[in-house]
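Notes follow the structure.
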Amino acid sequence: MVEVFPRLLPPLWVTIKVSFISLFLAFFIGLFFGSINSIYSKFNPINLVSRFYVWIVLCTPIIIQIYAAYLLLPKVGIKLDVFWVGVIALTFNSAGYQTEISRASITSIDKGQYEASKTLGMSLLTTMIYIIIPQAIKRMLPATANEASHLIKASAVLSVIALLELHKAAINLQGNSFKFIELLALQALLYLPIVLGTSYIASILQKNNDDKSSKIDLAK
Amino acid sequence: MLDIDFMIEILPRVLKASLVTLEISFLSLFFSVFLGLIFSIIALSSGKLINILIRCFVEFTRGVPQLVQISIIYFALPYIGIYFDEFWTGVVALSFIGAGYTIEIFRNAVLNVDRGQHEAGKILGLTKYQTLIYILYPQIIKRSLPPITNELINVVKASALLSVISVNELTKIMNDVIFEYFVVIEVLLEATIMYLLIISVLVYISRYFEKRLVV
């Protein structure tokens with residue numbers, strides 16, 4: 001186990017890279033759709049499209065989405081490195097969840113804030129950018145950190161399209177050395193601290209938010 | 001555009017595979033609820049050491065990717081001398097993954113029941129086990145239904161991963177058909193529609209339970 005450990009470190013870095021790039025890209029897509037979803041009415045065309053998109057993402061397994069990205073992108077003439085196919089698949093998946101996250105936190109912001117900024121003569125766009133979204137991001141952070149841990153777990157599925165991340169690298173080493181149990185245990189040991197670490201950060205952020213809101217309640 | 005005739009031609013295979021997916025999901029849910037009930041009773045009624053062990057198990061199922069857990073079960077079962085076919089290996093793996101979540105569902109539900117009921121049970125001279133089994137669990141079954149349906153949705157999604165250990169469920173059949181006929185879009189679309197149907201129905205059921213049962 002000690003011998004192969006260094007050989008698993010570069011793939012571990014690939015796992016982290018692919019997850020966090022996707023998290024970052026999906027964050028902005030989610031924020032965009034989430035804010036449009038929460039401002040405009042239900043039957044706005046963009047909303048209908050984004051609701052349909054979220055429904056597709058939430059109701060299909062991630063492995064299907066990864067196969068779809070892998071098989072369909074070349075069909076429409078986009079030829080990418082397998083790493084970026086992975087990034088696109090995970091971004092596609094995560095953006096669906098993050099749309100829901102940002103929609104929930106933007107709608108949770110008090111309606112009075114919109115009215116207050118209207119009286120101050122701000123347009124809807126400036127209200128969103130300067131007033132609403134900064135507050136919403138604070139509320140989104142715990143859920144986003146949770147999403148990060150989901151993504152790290154989901155990135156293991158990218159092994160099916162032969163992206164050399166941690167799981168795939170371990171499979172390759174298993175083929176060479178036939179030490180199945182040792183390599184699987186090693187993988188578990190490498191994944192556990194990262195995944196549990198991110199969800200621990202999520203719970204700290206959640207507690208932080210709860211403390212602040214309870215203080216505000218007391219002040220009232 | 002889409003080759004509808006081909007889609008109809010492969011429909012029987014896809015339907016059969018969807019049945020396998022459903023079969024695996026329900027069997028695993030059944031076993032994981034069973035395991036969750038037993039282990040949550042053990043966790044709630046025993047001392048620190050056993051609680052720490054169960055906690056470790058729960059954190060393990062949460063912290064390790066499902067795909068890695070499936071391969072661990074796939075390789076570890078023969079290692080300790082248990083030989084199953086792929087189908088049952090898949091069921092064992094998904095039950096193992098699901099149990100981590102069901103333990104937490106039941107444990108939280110019991111801890112949310114009013115504290116007074118534990119004390120009332122004690123005063124009536126019931127042991128810890130009796131209080132749990134006769135008084136607390138009947139009340140939480142109703143409350144646990146929505147999270148359990150959610151868990152079923154997760155299990156259906158996780159069952160797609162079993163294609164890597166060549167269980168003949170929907171994703172595996174989809175892959176086989178794609179590489180048999182080299183038709184991508186139609187097959188992907190059909191498999192996606194099957195999953196959407198199955199999971200949307202389950203989501204609907206879970207919403208229904210949430211509205212009706214939780215007071």
| note | Per-residue ellipticity at 222 nm attributable to helices in chain A (runs of n ≥ 4 DSSP H, -39500 (n - 2.57) apiece, nearest 500 deg cm²/dmol) works out to -27000 deg cm²/dmol
| query | What is the mean projected area of the alpha carbon convex hull for region B:4-213, to one decimal in square nanometres? | reply | 14.1 nm²
| Against the longest alpha carbon principal axis of chain A, how many degrees, from 0 to 90 and to the nearest 10, is the axis of helix A:5-39 turned? | 20 degrees
| query | Against the longest alpha carbon principal axis of chain A, how many degrees, from 0 to 90 and to the nearest 10, is the axis of helix A:45-58 turned? | reply | 40 degrees
| request: Name the aspartates and glutamates eligible as straight-distance cross-link partners of residue A:207: C-alpha to C-alpha under 19 Å, and not fewer than 8 places from it in the same chain. | output: A:147, A:217
| task | Starting from the Cα of residue A:111, draw a straight line to each of the aspartates and glutamates and keep only those under 16 Å, dropping any in the same chain fewer than 8 residues away. | result | none
| remark: Here region A:119-126 yields Karplus 3J(HN,Hα) values (6.51, -1.76, 1.60; θ = phi - 60°; whole Hz; Gly and Pro given as x) of 5, 6, x, 8, 7, 4, 5, 5
| query | What chymotrypsin sites (Phe, Trp or Tyr not before Pro) in region A:131-218 are in a loop by DSSP, with at most 15 other Cβ atoms within 10 Å of the Cβ? | reply | A:178
| query | Which value, in Å to one decimal place, does the Kirkwood hydrodynamic radius take for the protein assembly as shown when every pair of different Cα atoms is included? | reply | 23.9 Å
| field | For region A:103-171 and region A:10-44, distance of Cα centres in Å | value | 6 Å
| field | Per-residue average of Cβ from other chains inside 10 Å of B:191-202 | value | 3
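Just to confirm the filter: which trypsin sites (Lys or Arg not before Pro) across region A:101-189 are DSSP coil and have at most 11 other Cβ within 10 angstrom of their Cβ? The partial results should precede the final answer.
Details: sites: A:103, A:111, A:118, A:138, A:139, A:153, A:168, A:179; in loops: A:111, A:179.
Within region A:101-189, the qualifying trypsin sites (Lys or Arg not before Pro) (loop, at most 11 other Cβ atoms within 10 Å) are A:111.
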| task | Report, in degrees rounded to the nearest 10, the 0 to 90 angle that the Cα long axis of helix B:185-213 makes with the longest principal axis of chain B. | result | 20 degrees
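If the chain between residue B:5 and residue B:23 were fully stretched, how many nm would it gain, using 0.36 nm times the residue separation less the Cα-Cα distance? Please report the intermediate quantities before stating the final value.
Values: separation 18, 0.36 × 18 = 6.48 nm, distance 2.79 nm.
Extra length available between residue B:5 and residue B:23 comes to 3.7 nm.
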| said: Taking θ = phi - 60°, what integer Hz values does the Karplus form 6.51 cos²θ - 1.76 cosθ + 1.60 yield along region B:141-148, in sequence order, with x for Gly and Pro? | reply: 4, 4, 5, 7, 4, x, x, 5
| task | Please go through the residue pairs B:16/B:172; A:75/B:16; A:75/A:168 and name each one whose alpha carbons sit more than 18 Å apart in this structure. | result | A:75/B:16; A:75/A:168
| said: Give the lysines whose C-alpha is closer than 19 Å to that of residue B:211, dropping any in the same chain fewer than 8 places away, or say none. | reply: B:142
| Using a simple charge model, +1 on the beta-carbon of Lys and Arg, -1 on the beta-carbon of Asp and Glu, nothing else, what dipole does the protein assembly as shown show about its Cα centre, in debye to the nearest 20? | 1440 debye
| request: For a footprinting-style exposure proxy, rank B:155, B:167, A:76, B:201 by other Cβ within 10 Å, fewest first. | output: A:76, B:201, B:155, B:167
| request: Could you check the simple spin-label distance between residue A:130 and residue B:45, using points 7 Å along Cα→Cβ, in nm with one decimal? | output: 6.3 nm
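Every read-out reported here was derived from the displayed coordinates using simple, explicitly stated rules and does not represent laboratory data. As the structure is a computational prediction, the values presented were derived from the model and not from experiment. Please note: Cβ atoms are built from the backbone with ideal geometry, for glycine as well, and neighbour counts cover all protein chains shown.
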